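Trainee: Please see the structure below; I have some questions.
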Amino acid sequence: MGLGKTIMFKWMGGLHVGMYRMSGGAIGGKMLNHRVCLLTTTGRKSGKTRTMPLLCLEEGEKVSIIASRGGDPRNPAWYHNLMAKPEVEIQLGKDTRQMVAEVVEGEEHQRIWDKMSSRYAGYNSYAKKAGRTIPVVTLRPRGEAEPPPQ
């Protein structure tokens, strides 16, 4: 991703986050008929919090997100941040939740990918363009029991 595009995405992301927070998700809470959450991670190097608006899939208490970075060959910074510190915060509308991130693989990755790409077809073109397996991350409430190993 070029420098100009990176700056534009950061500026647009910051505007989106501000409008979302100010309106409790009434503005920016949906994109392309798909739910948007605000994901807040802690910078792995800086220790500063960073917030990104992301399309998400809610399934009960769990929320899933896709680390597509618009088809870039590299994973997004927020993905590296949550890999280093999986404790994150999400905002869905007016509701803020403390969550723990887990990368899902295999059948669960495919199941979530299929659901999300059926709602936003751009994910499939991102996967082709990226030339990498795009990670799927599931967020579960902090304190919830760890899932059994598969």
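Trainee: If you keep only loop residues by DSSP, which GluC sites (Glu not before Pro) in region 81-119 have at most 15 other Cβ atoms within 10 Å of their Cβ?
Mentor: Here the sparse-neighbourhood loop sites are Glu105.
Trainee: Mind listing the phi-derived Karplus ³J(HN,Hα) values for region 79-93, rounded to whole Hz, using 6.51, -1.76 and 1.60 with θ = phi - 60°, and x for any glycine or proline?
Mentor: With coefficients 6.51, -1.76 and 1.60, one gets 5, 5, 4, 6, 5, 6, 9, x, 6, 10, 10, 10, 10, 10, x Hz.
Trainee: Would you list Asp95, Asp72 from fewest to most Cβ contacts within 10 Å?
Mentor: Asp95, Asp72
Trainee: Another question, if that's okay. Can you compute the charge dipole magnitude of the chain about its Cα centre, using +1 on each Lys and Arg Cβ and -1 on each Asp and Glu Cβ, nothing else charged? Give it in debye, rounded to the nearest 20.
Mentor: Details: 23 positive and 14 negative charges, 158 e Å.
So the dipole magnitude of the chain works out to roughly 760 debye.
Trainee: Could you state the orientation-averaged shadow area of the convex hull built on the Cα atoms of the chain, in nm² to one decimal?
Mentor: Details: hull surface 36.4 nm².
Orientation-averaged projected area of the Cα hull: 9.1 nm².
Trainee: Looking at the chain, how many pairs of lysines come closer than 26 Å at the Cα, when each pair is eight or more places apart or spans two chains?
Mentor: Final tally of qualifying lysine pairs is 28.
Trainee: Apply the Karplus curve 6.51 cos²θ - 1.76 cosθ + 1.60, θ = phi - 60°, to the phi angles in region 29-46 and return the couplings in whole Hz, x for Gly and Pro.
Mentor: Whole-Hz 3J(HN,Hα) from phi for region 29-46: x, 9, 9, 6, 6, 10, 5, 10, 10, 9, 9, 10, 10, 9, x, 5, 9, 7.
Trainee: Tell me, what ³J(HN,Hα) does each residue in region 120-135 have, in order and in whole Hz, if you take phi through Karplus 6.51 cos²θ - 1.76 cosθ + 1.60 with θ = phi - 60° and put x for Gly and Pro?
Mentor: Once rounded to whole Hz, the list reads 9, 5, x, 4, 5, 6, 4, 4, 5, 5, 6, x, 9, 6, 7, x.
Trainee: Next question, about the same structure. Going by amide H atoms built from the backbone, whose H comes under 5 Å of the H on Met99, apart from near neighbours?
Mentor: Here the answer is Val88, Glu89, Ile90, Arg142, since their amide H atoms fall under 5 Å of that of Met99.
Computed from the coordinates by the stated procedures, all read-outs in this text should not be read as laboratory data. Since this is a predicted model, take the numbers as computed values, not measurements. Cβ: placed from backbone, ideal geometry, glycine included. Neighbour counts: every protein chain shown.
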